[in-house]
Amino acid sequence: PRVDSAVVRCTPREPEYEVADEEFFLRFVKALFTQRRKTMRNAVRNTGHISGLETPDAVVDAAEESLMSKRAGNVSPAEFAALAQLARQIDPGVGNGGG
């Protein structure tokens, strides 16, 4: 049979955000996605034991309400990065283990 084909090259682009602690960022996002059907408010509160947060309620209280009312699947990578940075500011020991 006649076959049409094409070669596609995918080149990853640099993210539009930076994270201070990539290990914590990945653990934090992974933890939040275990609760992806819940709002971010509840996901942050319910996953502190996974992400290593000692004070998840303080993170929820400090974060923007518009972000906390979203579900994980509707949050941009830059918003996750900003939330992870906020979590590290509120709980400076968070990058030293957990999970």
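Since every read-out is calculated from the coordinates, none of them should be taken as a lab result. Keep in mind that what you see is a predicted model, and the values were worked out from it rather than measured. As a convention, Cβ positions derive from the backbone with ideal geometry for all residues, glycine included, and neighbour counts pool all protein chains shown.
One residue is enough: does region 2-18 have a residue meeting the conditions closer than 21 Å to Val94 by Cβ, of a type in the set (A, V, I, L, M) and out of contact with any strand residue (DSSP E or B) (no Cβ under 6 Å at 6 or more places or on another chain)? No: region 2-18 contains no residue that is closer than 21 Å to Val94 by Cβ, of a type in the set (A, V, I, L, M) and out of contact with any strand residue (DSSP E or B) (no Cβ under 6 Å at 6 or more places or on another chain).
The set of residues in region 21-62 being assigned to a loop (DSSP other than H, G, I, E, B) and closer than 16 Å to Pro77 by Cβ consists of Asp21, Arg36. Of all residues in region 66-89, those that are loosely packed, with under 12 Cβ neighbours inside 10 Å have Cβ atoms under 7 Å from Cβ atoms of residues that are not in a helix (DSSP H, G or I), 6 or more apart or on another chain, in Ser69/Thr39; Gly73/Arg36. Only residues that are loosely packed, with under 13 Cβ neighbours inside 10 Å and either part of a helix (DSSP H, G or I) or touching a residue at least 60 places away in the same chain (Cβ under 8 Å) (or both) were counted in region 90-99, giving 3.
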